[in-house]
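Below you'll find the structure, written out as structure tokens, and then a few comments.
The values are calculated or read from the model by the stated rules, or taken from the named source; none is laboratory data. A quick note: this is a predicted structure, and the numbers were derived from the prediction, not measured. Methodologically, a virtual Cβ is constructed for each residue, glycine included, from the backbone with ideal geometry; neighbour enumeration extends over all protein chains shown. When the accessible area is computed, the model is the full protein with side chains, heavy atoms only, and any ligands, DNA or RNA have been set aside. Shrake-Rupley method; radii C 1.70, N 1.55, O 1.52, S 1.80 Å.
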Amino acid sequence: MLCRTRPTGRARRGRQFVQVSEVKLRQILEGTKQYQVPLYQRTYSWQKKQHERIWTDIVELAETRKTQPSATHFTGSLVLALGSIGAGASTFLVVDGQQRLTTLTLLLAALRDLLSEKFPSEPKRAAALHDQFLVNGYSAEAERLKVLPTQGDRPAYLGVIDTQLAGLSKSPILEAYTYFKARLSSTFDAGSAVSHEQISDAVLDGLDFVSITAD
């Protein structure tokens, strides 16, 4: 679905400022940032039904952007509370949108790994996904991950991001990664409707969020 431009701006509520903007996933993840899922939030719970829906949307968007490069798909809202801005990563607490944000980073991790496996002569593609959108390479260990899940999800999520899958217990995090890796694998086959470049473009530059950040 094509989305219209949404209003953006900065509003003041009492002594609190609220920033509302329309952003792409690339803008959310680029730079030295960390999105922390608070401990009171539920653990990752999306299942195959939700994975299939977002995958279908991405493939349709990738196909549309072949002829309409500016086409976008509205993915939902991302509600954040500003944590800190300092010498390390700028931190944000994810109040709403953690399921979508976690899912899309797992998809990017699956794409990174398939690029490494199927195109070993082009290591820069996989490295760019990892370094730009999954980790903060030169930050302290606590700020290393772009997305820091709630505590119950961290072992599985770290295993996926660090490509240390051996010994991981079955979990929704691992199931999501496995699902997207299988679906992405088919996009590399000869005659596929969309290429991995087009999938990457659709995910990073075609998915629209309304970001609402309160300080």
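When residues in segment 166-181 are screened for being at pLDDT 95 or above and among the hydrophobic types (A, V, I, L, M, F, W, C), 4 of them pass. All conditions but one from (1) crowded, with 19+ Cβ neighbours inside 10 Å; (2) in a strand (DSSP E or B) apply to residue 82; the one that does not is (1). The number of residues in segment 34-54 that are surrounded by 18 or more Cβ atoms within 10 Å (Cβ to Cβ) and not polar (S, T, N, Q) comes to 6.
Against the definition (within 26 Å of residue 145 (Cα to Cα) and either hydroxyl-bearing (Ser, Thr, Tyr) or modelled with pLDDT of 95 or more (or both)), how does residue 47 come out, yes or no?
Yes, satisfied.
With respect to the stated conditions, residue 32 is at pLDDT below 95 and either touching a Gly at 6+ places or on another chain (Cβ under 8 Å) or at positive phi (or both). With respect to being hydrophobic (A, V, I, L, M, F, W, C), open to solvent by less than 30 Å² (accessible area, probe 1.4 Å) and modelled with pLDDT under 95, residue 89 fits the description. For the residues 213, 187, the requirement of being within 18 Å of the chain's Cα centre (by Cα) and of a type in the set (S, T, N, Q) singles out 213. Taking every residue in segment 157-174 that is over 16 Å from residue 43 (Cα atoms) and of a type in the set (Val, Ile, Thr) and pairing it with any residue that is modelled with pLDDT under 95 and in a helix (DSSP H, G or I), at least 6 positions away or on another chain, the pairs with Cβ-Cβ distances below 9 Å are 163/116.
For segment 175-210, filtering for residues that are in contact with a helix residue (DSSP H, G or I) (Cβ under 9 Å, 6 or more places away or on another chain) and over 14 Å from residue 72 (Cβ atoms) leaves 22.
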